[in-house]
Amino acid sequence: MSKPDTDSQTMQPIQITTFQALRRSLGLIVKAAPIELRNLIILNIVRGAAPSCVLFLDKLIIDEVSRLLSQTRTAQPLALMLSQPILLWSIVGVLTLKLVSDSIETMSSFAATSLRDRVQGGVEGKVLEKVANFDDIALFENPELLNILELAKTGVKQVQQLAFTISMTITGICIFIPSIGLAASIAWWVPVVMVVSSLPSIHIERKYLKLIWRVQKKQAKITREMNLSATVLTGEEYAKELRLFGLQELWLKRWQGQYLQFFSEMQQVRKKGAIAVLLWSIFSRIGVALPFVYVVMGSLGGRYTLGDLALYSGLIVQVETSLQLLIGNYTNLYDISLGVSPIFQLLDLKPELQSPLVNVASRLPSLPDGVQDSGPTKDKIGIEIKDLSFCYPGSTKSTIANIDLTVNPGEMLVLVGENGAGKTTLGKLLGRLYDPTSGTIAWNGQDLRSYPLAYVRSRIAVVMQDYARFPSTVRENVGFGDLLSLSDDTAINEAISEAGIAAKVNSLEQGLETPLGKQLEDGIDLSGGQWQRIAIARALMRLSTAEVLIFDEPTAALDPKTEHEIYSIFRQIAAGKTTIVISHRLGLAKIADRIAVMENGKIVEIGTHDELIASNGIYCSMFTRQASSYI
């Protein structure tokens, strides 16, 4: 396989226009909550049409009452009312519409709440699915991509708001159309003046919403840092040292400074926008005042009845209300469209790691053409690394440079070196968490990139330096190493026993079902060393299918007394497996088949323990220095 183009190593989010974001957001809403959206639209259509109907019926009632009062006086108003069909049915119509409107208000509130929850679950689920299944961990280590991720989380709430805004826009349209039609019956120019006078404020508000969004995008970094500061102040992992070292005030001030920076920049833009919109709103009020004065003068001149005055006055107010609702919802839609764009930038993001197609029929990863699954015990070639170099995304400095290394089948190779030498990075490349910037890693004679990711990772058992502490039961924390054996008590207990944590687990009242993590109800916490043994047990669950074992600082949290015991366990479980152990503690190196010494991203020494001691080089110096600390 040819070397990858280094220019393609950095993932670039695509640009999403506001129209594209709005269109795709509507698609998400329709897919997430089609029934709730339909119900809300129907309810809002009825709710929007009702006010104009009520105004028209009010006009009929006022005109009929005025006519009857001008003709006669009666001591039996009820009988008179019942004898006038127009008056009677107009009153019935008004009361019915008001009753229906009140009922619709309650039903709309329920439908809107259901729609909001459905949409949140659907959209947030898509975001979580994308992040969880994103093979390239650069997503969590690249500041630009982390900003997109932060904005996408905020955008989930914006999609919720979009669903509500759409329903309110429909209400506004249903109020506006009949209102504008009746308003035109006053004079053709009335709706024209009202609409035209509203346009400048729409334009100005749209302009400043765009400026606000630009500030929000720029402030994604500040928002992330503010959230990190809040995590330090509230997170359990920081609680003890925060108090013991008296750091509360320092981190509070840091958070407050970040917040004030965020607030002041946003406030300046909002202030300018509010002043501009206010000035143009005065102009739009003139557009409302002119028709109102015209109707009053027409009533005084006898061109309109009292019912007409009530109808037209109400219509003018209603047109204004519907315009404000439509203008407000338009600006909300524009604001939301800007806010949801990062969701689709995230959903469209493509990982640099590419994988061959999966055999969908069997649900198992497909191997490259010409490669046979030799099984974990028939590894004939091992791992061959040639001219391997790697730069982390966004960096120009090579963490690993021009490495050549062969790990023989069934061999235990220990990578040693000072912190920052590149050992952990090499482990990530072997587990294909990243692809090399240049060079190749061949496994069983094939470039690692030619295998499906799922296949590679199913054949590797790993204990990472920063192992996970899942907030779940003991069973799950261990069984996650092989999901098919999650209910197999025998397999889980064997792994726990081999990892040397059986005594602790057996002492727990709920045994394998004990929740781990104080965040969980009745959950317990373990010591660092006990958590690491759980991580080792998790890796052991995959031992039957694993061809390659990678242990990154596997004894980092263990005391010297138990370190030797763990070394013996590793030697037993590594039998017949190709094993790479990454460590800066050299006790395990003595029993390894070979040792590779890394310095500044390169392998500077390689050989057995005795050979490297005899060469009196870097390894000898490191080993002598560490050995002296135990004397």
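Values for this structure:
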{"item": "Probe 1.4 Å, all protein chains present, accessible-area order of V232, V293, largest first", "result": "V293, V232"}
{"item": "Accessible surface ranking that places the most exposed of D447, D522, D117 first, with a 1.4 angstrom probe", "result": "D522, D117, D447"}
{"item": "The stretch 502-607, relative contact order [Cα under 8 Å, separation at least 6], %", "result": "18 percent"}
{"item": "Charge context of K98, other residues only, Cβ under 14 angstrom, K/R +1, D/E -1", "result": "-2"}
{"item": "Viscosity 1.002 mPa s, 20 °C: Kirkwood-radius Stokes-Einstein D of the stretch 62-200 over Cα pairs, µm²/s", "result": "102 µm²/s"}
{"item": "Solvent accessible area, Å² - E124, 1.4 Å probe, full protein context", "result": "80 Å²"}
{"item": "Among 595-602, 395-402, 334-341, the order from most to least packed when residues are scored by Cβ within 10 Å on average", "result": "334-341, 595-602, 395-402"}
{"item": "Rounded to the nearest 10 Å², the accessible area of T514 at probe 1.4 Å", "result": "10 Å²"}
{"item": "Largest-first ordering by accessible area, 1.4 Å probe, given options S544, S109", "result": "S544, S109"}
{"item": "Distance from the stretch 386-436 to the stretch 578-631 (C-alpha centre basis), Å", "result": "17 Å"}
{"item": "Heavy atoms of W255 accessible to a 1.4 Å probe, total area in Å² rounded to 10", "result": "90 Å²"}
{"item": "Whole-percent carbon and sulfur share, accessible surface of the stretch 396-554, 1.4 Å", "result": "48 percent"}
{"item": "Above-threshold pairs, the threshold being 27 Å between Cα atoms, out of K126/K577; K240/K504; K428/K590; K518/K577; K130/K240; K59/K98", "result": "K126/K577; K518/K577; K130/K240"}
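The values are calculated or read from the model by the stated rules, or taken from the named source; none is laboratory data. This one's a predicted model, so the numbers in the text were calculated from it and none came from an experiment. Because the Cβ atoms are built from the backbone with ideal geometry, glycine has one as well, and the counts that use them run over all protein chains shown. For the accessible areas, the whole protein counts, side chains as well, though only heavy atoms, and no ligand, DNA or RNA atoms are used. Shrake-Rupley method; radii C 1.70, N 1.55, O 1.52, S 1.80 Å.
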